[in-house]
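First up is the structure itself, then whatever we jot down about it.
Taken together, the values in this text are just the output of simple stated rules run on the coordinates, not laboratory data. Predicted model only: the values in this text are computed from it and were never measured. Ideal geometry is used to build each Cβ from the backbone, glycine not excepted, and the neighbour counts take in all protein chains shown.
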Amino acid sequence: MKLTVVQYGHPVLRQKGARIDRITPEIDQLINDMLDTMYDAKGVGLAAQQVGKALQLTVIDVRDAIDRPSTLELDRQSADPASIMPLALINPEWTPVNEPVDGAEGCLSFPEIYAEIGRPESIDVTAMNRQGETIRFRCGGLLSRAIQHEYDHLHGVLFIDRMDKATLKKIKPELDGLVYSTRNALKKAKRRA
């Protein structure tokens, strides 16, 4: 089922997600719904906060991003990133493998806004998968960037928080417009409830 992607200005985007201790039928359904929502929006990642749930859960699928390659290592062996897609990461943690590099980022909660953001090119990841198993892997390229971007969402951090001041100043009118429209939509929904 397709869910609504909340836009910048919605308070849930600033909430740190609660840890998930076990995979319930509700969590499994949320993963399916988040994947449907992400595919419908033509995104490569989606955090639970972006569908109004403050949880430590994100889904990622970089298979269609052929212009921005990804790398993957499982058990220190090179592997095809497609072999683990779509990916559901629960309570993820990561550590950098190298220094940050700039790369283009967008966000489904910030339609049509893009910027260069510095993030480590490769990271080591530990998380629980949708079967409740601990998974560990090293990744690079777009997969690494997507995981870091979604991890930030899980902690109430947005990609605008990582932009330089000049970029933020340039996009301020778009950000102000998003906040205005989001807050108006929330007020209307509250009046209807």
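Taking the helices alone, the chain has a mean residue ellipticity at 222 nm of -10500 deg cm²/dmol, built from -39,500 (n - 2.57) per DSSP H run of at least 4 residues and averaged over all its residues.
A quarter of the convex hull surface defined by the alpha-carbon atoms of the chain gives 11.2 nm² as the mean projection. Of all the options 179, 44, 12, the one that moves most in a Gaussian network model of the chain with Cα springs shorter than 10 angstrom is 179. The count of lysine pairs in the stretch 11-192 with alpha-carbon distances below 29 Å, taking only pairs 8 or more places apart or on different chains, stands at 25. Counted by neighbouring Cβ atoms within 10 Å, the residues 126, 71, 24 run from fewest to most as 24, 126, 71. Taking other Cβ atoms within 10 Å as a rough exposure proxy, 31, 20 sort from fewest to most as 20, 31. Within the shell defined by Cβ-Cβ distances under 14 Å, the residues around residue 2 carry a net charge of -2, with Lys and Arg each +1 and Asp and Glu each -1. Sites listed here are trypsin sites (Lys or Arg not before Pro) in the stretch 39-80 whose DSSP assignment is loop and whose Cβ has at most 15 other Cβ atoms within 10 Å: 42, 63, 76.
3J(HN,Hα) couplings calculated from phi for the stretch 63-73 with the Karplus curve 6.51 cos²θ - 1.76 cosθ + 1.60 (θ = phi - 60°) are, in sequence order, 4, 7, 8, 6, 7, 10, x, 10, 10, 8, 10 Hz; Gly and Pro show x. The residue 82 and residue 193 beta-carbon pair, evaluated with R₀ = 41 Å, returns a calculated FRET efficiency of approximately 0.45.
Residues considered: 77, 56, 29. Largest GNM mean-square fluctuation over the chain, using C-alpha springs under 10 Å, is found at 77.
Rounded to the nearest 10 degrees, the inclination of helix 141-154 to the longest alpha-carbon principal axis of the chain is 50 degrees. Taking all C-alpha pairs of the stretch 7-88, those more than 20 Å from each other amount to 42 percent. Taken one residue at a time, the phi angles of the stretch 9-26 give Karplus couplings (6.51, -1.76, 1.60, θ = phi - 60°) of x, 7, x, 5, 5, 9, 8, 6, x, 6, 5, 10, 8, 8, 8, 8, x, 5 Hz. Gly and Pro are set to x. Couplings 3J(HN,Hα) for the stretch 93-99, derived from phi with the Karplus relation 6.51 cos²θ - 1.76 cosθ + 1.60 (θ = phi - 60°), are 9, 8, 10, x, 9, 8, 6 Hz, where x marks Gly and Pro. Charged neighbours of residue 135, selected by a Cβ distance under 14 Å, balance to -2 (K, R count +1; D, E count -1). Ranked by how many other Cβ atoms sit within 10 Å of their own Cβ, fewest first, the residues 34, 1, 163 fall in the order 1, 163, 34.
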